[in-house]
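Input: a single structure, listed below in C-alpha cells.
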Amino acid sequence: MTTEMKNLKEPLIQAAIADIAAPTIQKKKKKKKDEVPLCGILSLKYYRQFFKITSADVGTRIKYAFVPFSNKFAEHTEDSADLWGPFWIQTTLIFVLAVCANITRFLKIKTEKLDDFKYELNFVPAAAGAVYFFGFIYPLLLTLLMKCFGSKGGFIQTICVMGYGMVVFIPVCFLCLIQHDKLQWALVGYGGINSALFLFNNLANDMRRMNQSQRFVILAFAFAVQVALIITFKLKFFDIFFAYKS
Amino acid sequence: MADLEGRINLVGSNQPGSHMQAFSSSDAPPAPNLPLPPPGAPVRAYENTLNEPISETIMRDLRMIGYKLKYVLNPKMREERAQKLRDWDLWGPLILCLFLAMILSFQDKTQPESIFGTIFVIIWAGAFIVTMNAKLLGGSTSFFQSVCVLGYCVFPLDLAALTLWFLPRDTPFLIRLAIVGLGFAWSTMSSVAFMGALVTDEKKVLGVYPVFLFYLFLAWFVLIV
C-alpha cells in the first residue's frame, strides 16, 4: 500500500519541483542565448544590438543631422546609438567624393585644354582613407580623450554622432561641381561647421561635467581635426593642383 | 504466411525498377557496396562520379550555372526562385566576376591590372559587406547563399560592359549611359527581390540600400572605363 502511494506521489512531487524550478531554468537558458562571449567585440552578436533600428528612425536621424542646434537628435538616440547610419553614410560619401572628384577633373581638363581625360582610380582609396579616418578613428580618439577627463560617453555614441554629422557633406559634394573656387571653399566650410556644431551639441552633456581647461583641450582638438577635414576634402578632391597627378 | 510473401514480393518489385534507373542515367554501374537508392530518390547522389569523363562533369556544372542564371534573372519566376537558390554555388559568381574584370581591363590601355584587381575586390568585398549588413539587421540567411545571389545578379552589368565594348568609339555619352543604366536597373531589381525578403518590412530600406549602392558602384566603373 505504502509503495503504491509512494509511486503515486513521486510523479506529483517531481512535477511540483519542476514547476518551482521552471522560471530559474528558463532564466538560465535565456541568459545563455543572450550572453556575449568573452571577446565580445569580435563576434557578430555584439554588433547586432546596434542595428536594431527601423528605416523611419534612420530617416529622422538624418533629418536632425542637418539642424545642428536642436536637441532632437540627442533625445532620439538616447539609448539607441546605431551603426548602420554612420557606416553607410560614410560609404555613400566615399562613392560621391570619388565620382565628383573625377567629374571635377574632367571639367577642369576640358576648360584648360590639357591632354585626354583619364579617369583617376586613386580617388577611391584616398576617399576611403580620409572618410573612414574622420568617421571612425577620430571619434575613437576623441572619446578616449574625454574618458581621460572623466566623461561617461561611449565610443559607439560618438561614432554615431560623427557619422550622421557627415551626411551634410553629400549635398555639398554635388554642389561643389560648380567650378568656382571661392564657392567651393564656402560650401566645404559650411559642411565642416555644420558637422562640428552637430558634434559639439551632442557632446555638450558630457562636457558639462568637465572643468574649463579640460573643455578647452577637447574643443581645440576637435576644432583642429575639423579644419584638417575641410582642407583635405577641398584640396584633395576638388582642386586641380592636387587632383591632377599623372 | 501468404501475407508475408505478398509483402516480400512488393519490396522485391521495387528494387528492379530503381536498379534500372541507376543504370540508365550513367555509363558506369554503381559500385557494388553502395546501397540501391529508394524509389523516387534523385539518382545523382548514388552515381559513382569518379569514372565519368571530364566533359560530363564540366557540362553538369555549366548546366547548373545556366539553370541558376535563368531563375535569378527572370523577374517572373518569383516564387520558385527561393527554392532553387537554396543550394548555392560560387562558380557562377566567379565566372561572371572574372568576365566583367577581363572585359573592363581589355578596354583600358593604361592600367589594366589596376582595374582588374579593383573590380575583383569590389565584387567580393562588396558582396561580403552587403551580406554582413543583412545578417546584422537580423536577416536569416546563410552567408554563401546571399553572396551567390549577389554574384549572379552581376550578369546584366556583364552584358552592358560587353555591349559597350562593341559600340564604336564616338557613340554619344547618353547612349552609353542608357545602356549601363538599364543593366544597373535590371541587376538591382533582381537582387532586391531576394534581399528585401530577408529583413522585416520596417528595415527593408536599410537592407536594400547597400545592394543599390553596390551595383551603382559597379555600374559607374563599367561606364567610365
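Overview of results
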| read-out | value |
| --- | --- |
| Positions within region B:108-131 being part of a helix (DSSP H, G or I) and more than 19 Å from the chain's Cα centre (by Cα), in sequence order | B:Pro112, B:Glu113, B:Ser114, B:Ile115, B:Phe116, B:Gly117, B:Thr118 |
| Residue match in region B:181-195 (condition: within 13 Å of another protein chain (Cβ to nearest Cβ), out of contact with any strand residue (DSSP E or B) (no Cβ under 6 Å at 6 or more places or on another chain) and part of a helix (DSSP H, G or I)) | no |
| Residues of region A:71-103 satisfying the condition of being at pLDDT below 85 and of a type in the set (S, T, N, Q) | A:Asn71, A:Thr77, A:Ser80 |
| Residue that is modelled with the lowest pLDDT [pool: residues in region A:112-135 that are under 23 Å from A:Gly192 (Cβ atoms) and open to solvent by 50 Å² or more (accessible area, probe 1.4 Å)] | A:Pro125 |
| Residue within region B:203-211 that is more than 9 Å from chain A (Cβ to nearest Cβ) and open to solvent by 50 Å² or more (accessible area, probe 1.4 Å) present | no |
| Region B:141-157, residues that are hydroxyl-bearing (Ser, Thr, Tyr) and under 8 Å from the mean Cα position of the chain (by Cα) | B:Tyr152 |
| Residues within region B:136-149 that are surrounded by 13 or more Cβ atoms within 10 Å (Cβ to Cβ) and either closer than 14 Å to B:Ala219 by Cα or among the hydroxyl-bearing types (Ser, Thr, Tyr) (or both), tallied | 2 |
| Hits in region B:87-112 - residues which are open to solvent by 20 Å² or more (accessible area, probe 1.4 Å) and within 11 Å of another protein chain (Cβ to nearest Cβ) | B:Lys109, B:Thr110, B:Gln111 |
| Which numbered condition A:Phe106 misses (of (1) open to solvent by 50 Å² or more (accessible area, probe 1.4 Å); (2) within 30 Å of A:Asn201 (Cα to Cα); (3) outside any loop (DSSP other than H, G, I, E, B)) | (2) |
| Complete set of residues in region A:30-52 that are modelled with pLDDT under 80 and hydroxyl-bearing (Ser, Thr, Tyr) | A:Ser43, A:Tyr46 |
| In region B:113-135, residue surrounded by the fewest Cβ atoms within 10 Å (Cβ to Cβ) [restricted to those that are within 27 Å of B:Thr163 (Cα to Cα) and among the polar types (S, T, N, Q)] | B:Ser114 |
| Selection count, region A:53-94, where residues are open to solvent by 20 Å² or more (accessible area, probe 1.4 Å), within 14 Å of chain B (Cβ to nearest Cβ), part of a helix (DSSP H, G or I) and in contact with a helix residue (DSSP H, G or I) (Cβ under 6 Å, 6 or more places away or on another chain) | 2 |
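The values are calculated or read from the model by the stated rules, or taken from the named source; none is laboratory data. Just so it is clear, the model here is predicted, and its values are computed rather than measured. Cβ: placed from backbone, ideal geometry, glycine included. Neighbour counts: every protein chain shown. Just so you know, the surface numbers come from the protein's heavy atoms only, side chains and all, with ligands and any DNA or RNA stripped out. Shrake-Rupley method; radii C 1.70, N 1.55, O 1.52, S 1.80 Å.
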